Amino acid sequence: MAGGNSSFLRGISQDAAHRWTLRRASGGQVVAGSVIPAFDRVTRNKGLLGRRSLEPGSAMVLAPCNSVHTFFMKFPIDIVFVSRDGRVLKIRPRCGAWRLAFGAGAFAVIELPSGAAEASGVGVGDRLEIV
């Protein structure tokens, strides 16, 4: 994966089969206990399409990626744009179907169940990590 040596995705890009957790770097609060990697063209293009939901406690991480769409989506999601080091640049909460979202300067996109970013206290400027 391009950018696989970044501090944010280093571990998961080397061992995607491991069960990874997404958490806030400050305080260690878990944002998602299960991370779904989407690091190649096929998995990034498919994303969450065709799914009925994103399980509570799950996150899909798309990288490299700085924009997503929710065309044909059956459920709203939170979209979190992060820099190469995991810093939150922008959040699009509760994004419904038929929307486009772009994060200037983003290296990766994290898709969460609707309301999960707010519920876990994730805000712009926070640093996230995958452990």
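Worth a mention:
- Taking the helices alone, the chain has a mean residue ellipticity at 222 nm of -2000 deg cm²/dmol, built from -39,500 (n - 2.57) per DSSP H run of at least 4 residues and averaged over all its residues.
- Note, ³J(HN,Hα) from phi for region 114-119, Karplus 6.51, -1.76, 1.60, rounded to Hz, x at Gly and Pro: 3, x, 5, 4, 5, 4
- Each Cα pair under 8 Å and six or more residues apart adds its separation to the average, and for the chain the resulting relative contact order is 29 percent.
- Answer label, with mean projected area of the Cα convex hull in nm² calculated from the coordinates and candidates (1) 11.0; (2) 6.7; (3) 9.0: (2)
Taken together, the values in this text are just the output of simple stated rules run on the coordinates, not laboratory data. Just so it is clear, the structure is predicted and the values come from calculations on it, not from any experiment.
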